[in-house]
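For reference, the structure is listed below as structure tokens.
Values quoted throughout were computed directly from the atomic coordinates according to the rules given, and no laboratory measurement underlies them. Fair warning: this is a prediction, and the values are worked out from it, not measured in the lab. Glycine gets a Cβ as well: all are built from the backbone with ideal geometry, and neighbour counts include every protein chain shown.
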Amino acid sequence: MRRPLVAVISGALFGLGLCVSQMVNPQKVLNFLDIFGNWDPSLLLVIGAATGLTMFSFGFVLKRKTSLFDDEFRLPTSKDIDRRLIVGSAIFGVGWGIGGYCPGPAIASITTGLIEPTVFVVFLLLGSQIEKVWGWFAARASS
């Protein structure tokens, strides 16, 4: 019971932060990405605060033997920069630039009742499932 409760509280805090920072507003995000047009640098404060807090807190967190709310830390183990990483990052960036949403803010934006973030999340989930099937076929073909 403790782990799901922590997940809900963490997700709610994350969503609240996205709302307060206006990252759920696609126009704000698109203006931030439009550095040669109507550039809005205010999201640099959000990025700076998140990066600074992470850099500060990770030193303390990783000194622990285990996570506070789990039996182990679940950190990425791969440090490879391969084709899948580059292509996936490019697709993410293009999608963010076109739609003005990335997954976290899109999910938080569903609470506004607007159709656009709902459509975005539906296709995000559909794309994730397509990638899983694609990966399954690719793994079978290579073996």
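Brief remarks follow.
- The residues of region 95-143 that are closer than 17 Å to Q27 by Cα and of a type in the set (F, W, Y), listed by number, are W96, Y101, F120.
- Residues that are over 29 Å from F69 (Cα atoms), of a type outside the set (V, I, T) and part of a helix (DSSP H, G or I), drawn from region 9-55: P26, Q27, K28, L30, N31, F32, L33, L43, L44, L45
- Selection status of T66, of a type in the set (S, T, Y), within 27 Å of L5 (Cα to Cα) and either touching a residue at least 40 places away in the same chain (Cβ under 8 Å) or surrounded by fewer than 10 Cβ atoms within 10 Å (Cβ to Cβ) (or both): yes
- Positions within region 1-44 being basic (K, R) and under 15 Å from P105 (Cα atoms), in sequence order: K28
- Taking region 76-143 as the region of interest, the helices (runs of 4 or more DSSP H) fully inside it that hold 3 or more residues being loosely packed, with under 12 Cβ neighbours inside 10 Å are 83-99, 115-142.
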